[in-house]
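Structure first, then comments.
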Amino acid sequence: MIVTTTPSIEGRPIRGYLGIVTGEAIVGAHLFKDLFASIRDIVGGRSGAYEKTLGDARKIALDELGQTAAVLGADAVVGVDLDYEVLGAQNGMLMVTASGTAVKLG
């Protein structure tokens, strides 16, 4: 499955549009990650734990997007957009949403 942010795929004409597809992932932040991220904020540096969590959530959302498109018989998803939101009473959840258009290629 080709998944791209571009509106088309070079050399592969779009034969048909199958509709908008989405994939979502909601992940929670853990107490220890929050603790170590706070320490990182004080001493500087990157938070590897949060970066990994964010990367995992993005992969889940994109995988779900591709699976949904495959069910429709798509060859690709074009115009993919990724959105990130913080949810929960104390912003303890991260939501990643991927959306795009499932297409049949020529």
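The values are calculated or read from the model by the stated rules, or taken from the named source; none is laboratory data. From a predicted model like this one, the values you see are computed outputs, not experimental measurements. Counting neighbours? That spans all protein chains shown, and the Cβs are built from the backbone with ideal geometry, glycine included. Side chains are part of the model used for accessible areas, which takes the heavy atoms of the whole protein and leaves out ligands, DNA and RNA. Shrake-Rupley method; radii C 1.70, N 1.55, O 1.52, S 1.80 Å.
Kindly provide the set of residues from the range 1-17 that are open to solvent by 70 Å² or more (accessible area, probe 1.4 Å) and within 14 Å of Ala70 (Cβ to Cβ), ordered by number.
Within the range 1-17, the subset open to solvent by 70 Å² or more (accessible area, probe 1.4 Å) is 1, 5, 7, 10-13, 15, 17.
Listed by number, the list holds a single entry, Met1.
Can we say Leu62 is within 20 Å of Gly100 (Cα to Cα) and either at pLDDT below 65 or assigned to a helix (DSSP H, G or I) (or both)?
On the way: within 20 Å of Gly100 (Cα to Cα): yes; either at pLDDT below 65 or assigned to a helix (DSSP H, G or I) (or both): yes.
Yes: the conditions hold for Leu62.
Could you list, in sequence order, all residues of the range 67-86 that are surrounded by 13 or more Cβ atoms within 10 Å (Cβ to Cβ), out of contact with any helix residue (DSSP H, G or I) (no Cβ under 8 Å at 6 or more places or on another chain) and either closer than 14 Å to Ile20 by Cβ or modelled with pLDDT under 90 (or both)? Before you say what the answer is, go through the steps one by one.
Pass one, the range 67-86, residues surrounded by 13 or more Cβ atoms within 10 Å (Cβ to Cβ): 68-70, 72, 74-80, 82.
Then keep just the ones that are out of contact with any helix residue (DSSP H, G or I) (no Cβ under 8 Å at 6 or more places or on another chain); that gives 68-70, 72, 74-75, 78-79.
Across the range 67-86, the qualifying residues are Thr68, Ala69, Leu72, Ala74, Val78, Gly79.
Could you tell me whether Gly55 is part of a helix (DSSP H, G or I), surrounded by fewer than 17 Cβ atoms within 10 Å (Cβ to Cβ) and among the small types (Gly, Ala, Ser)? Spell out the reasoning first.
Working: part of a helix (DSSP H, G or I): yes; surrounded by fewer than 17 Cβ atoms within 10 Å (Cβ to Cβ): yes; among the small types (Gly, Ala, Ser): yes.
Considered against the rule, which asks whether it is part of a helix (DSSP H, G or I), surrounded by fewer than 17 Cβ atoms within 10 Å (Cβ to Cβ) and among the small types (Gly, Ala, Ser), Gly55 comes out as yes.
So is Gly45 out of contact with any Leu (no Cβ under 7 Å at 6 or more places or on another chain) and at pLDDT below 65 or not? Full working, then the answer.
Values: out of contact with any Leu (no Cβ under 7 Å at 6 or more places or on another chain): yes; at pLDDT below 65: yes.
Yes; evaluated as a whole, the condition is true for this residue.
Does Thr97 qualify as being among the hydroxyl-bearing types (Ser, Thr, Tyr), modelled with pLDDT under 90 and surrounded by 13 or more Cβ atoms within 10 Å (Cβ to Cβ)? Give the derivation first.
Values: among the hydroxyl-bearing types (Ser, Thr, Tyr): yes; modelled with pLDDT under 90: no; surrounded by 13 or more Cβ atoms within 10 Å (Cβ to Cβ): yes.
Considered against the rule, which asks whether it is among the hydroxyl-bearing types (Ser, Thr, Tyr), modelled with pLDDT under 90 and surrounded by 13 or more Cβ atoms within 10 Å (Cβ to Cβ), Thr97 comes out as no.
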